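*Asks:* Have a look at this one before I ask anything.
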Amino acid sequence: MDIAIHDHWTPGAIGGIAALHARTYAASHGFGAFFEAKVARELGEFLQRLDPAGDLFRCAIAGDRVLGSIALDAGEDPTSAHLRWFILDPALRGRGLGRRWLAQAIERARSAGAPEIHLWTLDGLDAAAHLYAQAGFALDREVAAEQWGRRVTERRLVLPLTPRY
C-alpha cells in the first residue's frame, strides 16, 4: 500500500479526516453527526491558520482515502499547545507511525517554546492511553460529558515541557 504523508492541507483532507473520526467513534462510542461536523469545522479553521513555525499537521493518504492524522495547535492558547485529531485507521496501527507522529508533535511544541501540551481523550481508548503514558502525558482531570450524544468520560492529559540544554 502506497501511503503519502502530507504536512499541509491537501484536497479531501478535511472531509477524509472528519469521516475517519466519524466512522471510528460511531463504532466505538455511538457518536453522531454533531461530532463529525465539529471535527470538520474545527479542523478546517485550524488548517486555514496553520503556522508551520509552531503548529504541526500530518495526514496519511492511500489513493484517495485518509488513513490517519495528527495536529498540534500552538496558536489556540499561548499557555498550552493542543494535540488534536490524532487517529489512525486500523490498517496503519502497529507500524510505529503514531509513535513517530507523536514524537514529532512533541518536538515541534518544544522548539516553538510551548510550556506544555494538552489533549482530550476518552475513557476506554486503551492503546492511545498507553502511547500517551509512554510519551510522558499525565492525567490532569476527568469530566463526565454528554456533548457527543451519549455520556462518556473525557480525560485531559498534559505533558509539561522543559527546555533542552
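*Asks:* Answer yes or no: is there a residue in the range 23-35 that is touching a His at 6+ places or on another chain (Cβ under 8 Å), buried (at least 18 other Cβ atoms within 10 Å of the Cβ) and aromatic (Phe, Trp, Tyr).
*Replies:* yes
*Asks:* Another question about this same structure. Kindly provide the set of residues from the range 11-61 that are of a type in the set (D, E, K, R) and in contact with a Leu (Cβ under 7 Å, 6 or more places away or on another chain), ordered by number.
*Replies:* Step one: filter the range 11-61 for residues of a type in the set (D, E, K, R), giving 23, 36, 38, 41-42, 45, 49, 51, 55, 58.
Within the range 11-61, ASP55 is the sole residue that qualifies.
*Asks:* Being of a type outside the set (A, V, I, L, M) and farther than 24 Å from MET1 by Cβ is the filter; apply it to the range 50-69 and report the residue that is nearest to the chain's Cα centre (by Cα).
*Replies:* Initial filter on the range 50-69 (of a type outside the set (A, V, I, L, M)): 51-52, 54-55, 57-59, 63-65, 68-69.
Keeping just the survivors that are farther than 24 Å from MET1 by Cβ gives 51-52, 54-55.
Details: ASP51: 16, PRO52: 16, GLY54: 15, ASP55: 12 Å.
Per the stated criteria, the residue is ASP55.
*Asks:* State all residues of the range 70-91 that are under 17 Å from ALA13 (Cα atoms) and either under 9 Å from the mean Cα position of the chain (by Cα) or surrounded by fewer than 19 Cβ atoms within 10 Å (Cβ to Cβ) (or both); if no residue qualifies, say none. Outline the logic, then answer.
*Replies:* Residues of the range 70-91 that are under 17 Å from ALA13 (Cα atoms), as a first pass: 70-73, 84-89.
Correct list: ILE70, ALA71, LEU72, ARG84, TRP85, PHE86, ILE87, ASP89.
For (1) more than 21 Å from LEU88 (Cβ to Cβ); (2) out of contact with any strand residue (DSSP E or B) (no Cβ under 7 Å at 6 or more places or on another chain), each residue gets a yes or a no:
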{"residue": "TRP120", "(1), (2)": "no, no"}
{"residue": "GLY124", "(1), (2)": "no, yes"}
{"residue": "ALA127", "(1), (2)": "no, yes"}
{"residue": "TYR132", "(1), (2)": "no, no"}
{"residue": "GLU142", "(1), (2)": "yes, no"}
{"residue": "GLU146", "(1), (2)": "yes, yes"}
{"residue": "GLY149", "(1), (2)": "yes, yes"}
{"residue": "VAL158", "(1), (2)": "yes, no"}
{"residue": "THR162", "(1), (2)": "yes, yes"}
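*Asks:* Quickly run through the range 101-128 and pick out the residues that are assigned to a helix (DSSP H, G or I), of a type outside the set (Val, Ile, Thr) and either in contact with a Pro (Cβ under 9 Å, 6 or more places away or on another chain) or touching a residue at least 12 places away in the same chain (Cβ under 8 Å) (or both).
*Replies:* Step one: of the range 101-128, the residues assigned to a helix (DSSP H, G or I) are 101-111, 126-128.
With the extra rule that they be of a type outside the set (Val, Ile, Thr), the set shrinks to 101-105, 107-111, 126-128.
Within the range 101-128, TRP101, LEU102, ALA103, GLN104, ALA105, ARG108, ALA109, ARG110, ALA127, ALA128 qualify.
*Asks:* Say we look at the range 34-70 and pick out the residues that are among the hydrophobic types (A, V, I, L, M, F, W, C) and assigned to a helix (DSSP H, G or I); which of these is farthest from GLN104 (Cα to Cα)?
*Replies:* Here is the first cut: in the range 34-70, the ones among the hydrophobic types (A, V, I, L, M, F, W, C) are 34-35, 37, 39-40, 43, 46-47, 50, 53, 56-57, 59-62, 66-67, 70.
From what's left, assigned to a helix (DSSP H, G or I): 34-35, 37, 39-40, 43, 46-47.
Details: PHE34: 30, PHE35: 27, ALA37: 27, VAL39: 22, ALA40: 23, LEU43: 19, PHE46: 18, LEU47: 18 Å.
In this case the residue turns out to be PHE34.
*Asks:* Residues in the range 130-148 that are surrounded by 15 or more Cβ atoms within 10 Å (Cβ to Cβ) and under 19 Å from ALA26 (Cα atoms): how many?
*Replies:* Number of matching residues: 1.
*Asks:* Moving on. Are any of the residues in the range 132-143 of a type in the set (S, T, N, Q), over 14 Å from LEU72 (Cα atoms), assigned to a helix (DSSP H, G or I) and out of contact with any Phe, Trp or Tyr (no Cβ under 9 Å at 6 or more places or on another chain)? Spell out how you get there, then give the answer.
*Replies:* Taking the range 132-143 and keeping what is of a type in the set (S, T, N, Q), we get 134.
So of that shortlist, the ones also over 14 Å from LEU72 (Cα atoms) come out as 134.
Next, from what is left, pick out any that are assigned to a helix (DSSP H, G or I): 134.
Imposing the further condition that a residue be out of contact with any Phe, Trp or Tyr (no Cβ under 9 Å at 6 or more places or on another chain) reduces the set to 134.
Yes: the range 132-143 contains one or more residues that are of a type in the set (S, T, N, Q), over 14 Å from LEU72 (Cα atoms), assigned to a helix (DSSP H, G or I) and out of contact with any Phe, Trp or Tyr (no Cβ under 9 Å at 6 or more places or on another chain).
All of the numbers you see were taken from the coordinates with simple rules; none came from a lab. What you see is a predicted model, and the numbers here were worked out from it, not measured in a lab. In this analysis, Cβ positions are derived from the backbone assuming ideal geometry, glycine residues included, and neighbour counts consider all displayed protein chains.
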